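Structure, as structure tokens:
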Ligand code: FAD
């Protein structure tokens, strides 16, 4: 493998129903810095159906080039067609780095591409840098329960790939009118060659905010006592337009689904405001939320470890404090 043949930083652009996933724009911001440091191009790879017109947005957010695969076979995300398109693009244009959002789609696609190429993949990265001279990507992520940051290198293969957690990188301010090069590509792939079919699309009917995208999260723990007691968490979240988070013990008790679990074996979140209510603050929980902008803890035990990790702490009974907060925020926001 001749490393000199591999040039440029790429971002896989995730699109759903005509919208670009925020994490893809964040990655263009991070990718721009890497590309500038290396003195190479930043490209977005956009795959979908009826998506070509999104190129302008990508240029405005920092891409120099957009490779687009726009065809009916890419109508809904499926591993095989998207993987073949990306492999085709890699074989033709040989990037040195590809970044993906650490979303269900990004993780699925990145691992399929990594296996087929083959190359290495660092999952759930939270920091990125690149060595100017060697082009070695420095992809860092928490390890050993969040106690250390591990920097992972891919020394023997190209492209170097990483999935990056949403809301960790910052998108650039868009530059209206900034343009770039659009490269339209296609692959020969028939529908009958694809093993998965989309039979039906079932839309989530709830308007609830997802925890990995939320600016405010109200998270509850075992201290809420029961599924009924946990309703207070939902109520406070609703008043604030926030997402609901939970500790693992709450999820295991069946008070809420696993997609709400914050922590080592759940989701890592970095909202602007994180309420931790009736949560003790076990290390496995802290690693999933400790980078939040502002952490407010409510716990009746003054020695609960969560008070070591929060910016503001209220020692007291959640069943007295949360109803007061709900009332107060209702009035303040009405
Ligand atoms: P508890 O530890 O029982 O704490 C309840 C808290 O509520 C206490 O601090 C108590 O003082 C307070 N309280 C009680 N009543 C009230 C009241 N009326 N008002 C106010 N406060 C009150 N945990 C996670 O959260 N996420 C993970 O991803 C995760 N992954 C794990 C992975 C591994 C391998 C292991 C071993 C554990 C993992 N855990 C995880 C579990 C973790 O170790 C803790 O057991 C868990 O976080 C505790 O949940 P909790 O804080 O809700 O409950």
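The values are calculated or read from the model by the stated rules, or taken from the named source; none is laboratory data. Everything quoted here is computed from the prediction, not taken from an experiment. All Cβ positions, even for glycine, are placed from backbone atoms using ideal geometry, and neighbour counts span all protein chains on display.
Which residue is nearest to the chain's Cα centre (by Cα), if the candidates are limited to the range 204-233 and must be under 15 Å from residue 274 (Cα atoms) and within 16 Å of the ligand (Cβ to nearest atom)?
Initial filter on the range 204-233 (under 15 Å from residue 274 (Cα atoms)): 209-221, 233.
Right, trim to within 16 Å of the ligand (Cβ to nearest atom) and you get 211-212, 217-221, 233.
Details: 211: 10, 212: 7, 217: 16, 218: 19, 219: 19, 220: 22, 221: 24, 233: 24 Å.
If we take residues in the range 204-233 being under 15 Å from residue 274 (Cα atoms) and within 16 Å of the ligand (Cβ to nearest atom), then 212 is nearest to the chain's Cα centre (by Cα).
Hey, does the range 291-303 have a residue that's in contact (Cβ under 8 Å) with a residue 24 or more places away in the chain, near the ligand (Cβ under 8 Å from one of its atoms) and part of a loop (DSSP other than H, G, I, E, B)?
Within the range 291-303 (the criterion being in contact (Cβ under 8 Å) with a residue 24 or more places away in the chain, near the ligand (Cβ under 8 Å from one of its atoms) and part of a loop (DSSP other than H, G, I, E, B)), the answer is yes, since at least one residue qualifies.
Please go through the range 262-280 and give me each residue that is within 8 Å of the ligand (Cβ to nearest atom), surrounded by fewer than 24 Cβ atoms within 10 Å (Cβ to Cβ) and modelled with pLDDT of 95 or more, ordered by number.
280
If residue 283 passes every condition in (1) without any contact (Cβ under 8 Å) to a residue 60 or more places away in the chain; (2) within 11 Å of the ligand (Cβ to nearest atom) but one, which one does it miss?
(1)
For the range 246-261, which residues satisfy the criterion of being closer than 27 Å to residue 333 by Cα and within 16 Å of the chain's Cα centre (by Cα)?
260
Conditions first: (1) within 30 Å of residue 254 (Cβ to Cβ); (2) touching a helix residue (DSSP H, G or I) at 6+ places or on another chain (Cβ under 6 Å); (3) more than 16 Å from the ligand (Cβ to nearest atom). Residue 187 passes all but one, so which condition is the exception?
(1)
Would you say residue 275 is in contact (Cβ under 8 Å) with a residue 12 or more places away in the chain and closer than 14 Å to residue 262 by Cα? Break it down into steps so the answer makes sense when it comes.
Working: in contact (Cβ under 8 Å) with a residue 12 or more places away in the chain: yes; closer than 14 Å to residue 262 by Cα: yes.
Considered against the rule, which asks whether it is in contact (Cβ under 8 Å) with a residue 12 or more places away in the chain and closer than 14 Å to residue 262 by Cα, residue 275 comes out as yes.
Which number in (1) over 23 Å from residue 124 (Cβ atoms); (2) within 14 Å of the ligand (Cβ to nearest atom); (3) surrounded by fewer than 18 Cβ atoms within 10 Å (Cβ to Cβ) marks the one condition that residue 259 misses?
Here residue 259 clears every test but (1).
Considering only the range 154-185, state which residues are in a loop (DSSP other than H, G, I, E, B) and under 17 Å from residue 113 (Cα atoms). Please lay out each step first, then the result.
Of the residues in the range 154-185, the ones in a loop (DSSP other than H, G, I, E, B) are 154-159, 165-180.
Selection gives 154, 156, 157, 158, 159.
Inspect the range 188-196 for any residue being part of a loop (DSSP other than H, G, I, E, B) and surrounded by 12 or more Cβ atoms within 10 Å (Cβ to Cβ) and give the result as yes or no. Lay out the reasoning, then the answer.
We begin by selecting, within the range 188-196, every residue part of a loop (DSSP other than H, G, I, E, B); these are 188-190, 194-196.
This time we only want the ones that are surrounded by 12 or more Cβ atoms within 10 Å (Cβ to Cβ), so: 189, 194.
The answer is yes; a qualifying residue exists.
Output the number of residues of the range 111-124 satisfying the condition of being over 10 Å from residue 164 (Cβ atoms) and either touching a residue at least 24 places away in the same chain (Cβ under 8 Å) or within 13 Å of the chain's Cα centre (by Cα) (or both).
Of the range 111-124, the ones over 10 Å from residue 164 (Cβ atoms) are 111-121.
Pick out the ones that are also either touching a residue at least 24 places away in the same chain (Cβ under 8 Å) or within 13 Å of the chain's Cα centre (by Cα) (or both) and you get 112-114, 116-121.
The total comes to 9.
Out of everything in the range 101-119 that is out of contact with any strand residue (DSSP E or B) (no Cβ under 7 Å at 6 or more places or on another chain) and in a loop (DSSP other than H, G, I, E, B), what residue ends up being surrounded by the fewest Cβ atoms within 10 Å (Cβ to Cβ)?
118
Quick check on the range 310-325. Is at least one of its residues buried (at least 24 other Cβ atoms within 10 Å of the Cβ), more than 18 Å from residue 215 (Cα to Cα), within 9 Å of the ligand (Cβ to nearest atom) and free of Cβ contacts under 8 Å to residues at least 60 places away in the same chain?
No, the conditions are met nowhere in the range 310-325.
Report yes if residue 44 is closer than 27 Å to residue 214 by Cβ and touching a strand residue (DSSP E or B) at 6+ places or on another chain (Cβ under 6 Å), otherwise no. Outline the logic, then answer.
Working: closer than 27 Å to residue 214 by Cβ: yes; touching a strand residue (DSSP E or B) at 6+ places or on another chain (Cβ under 6 Å): yes.
For residue 44, the condition - closer than 27 Å to residue 214 by Cβ and touching a strand residue (DSSP E or B) at 6+ places or on another chain (Cβ under 6 Å) - is met.
For residues in the range 236-252 being more than 9 Å from the ligand (Cβ to nearest atom) and in a loop (DSSP other than H, G, I, E, B), which is surrounded by the most Cβ atoms within 10 Å (Cβ to Cβ)?
242
Would you check if residue 132 is touching a residue at least 12 places away in the same chain (Cβ under 8 Å), out of contact with any strand residue (DSSP E or B) (no Cβ under 8 Å at 6 or more places or on another chain) and in a helix (DSSP H, G or I)?
Working: touching a residue at least 12 places away in the same chain (Cβ under 8 Å): yes; out of contact with any strand residue (DSSP E or B) (no Cβ under 8 Å at 6 or more places or on another chain): yes; in a helix (DSSP H, G or I): no.
Answer is no for this residue.
When the range 132-149 is examined, which residues are found to be over 14 Å from residue 3 (Cα atoms) and surrounded by 12 or more Cβ atoms within 10 Å (Cβ to Cβ)?
138, 139, 140, 141, 142, 143, 145, 146, 149 - these are the residues of the range 132-149 that are over 14 Å from residue 3 (Cα atoms) and surrounded by 12 or more Cβ atoms within 10 Å (Cβ to Cβ).
Could you please find all residues in the range 151-173 being under 26 Å from residue 86 (Cβ atoms) and surrounded by fewer than 14 Cβ atoms within 10 Å (Cβ to Cβ)? Steps first, please.
To start, the set of residues in the range 151-173 that are under 26 Å from residue 86 (Cβ atoms) comprises 151-172.
155, 156, 170, listed by residue number.
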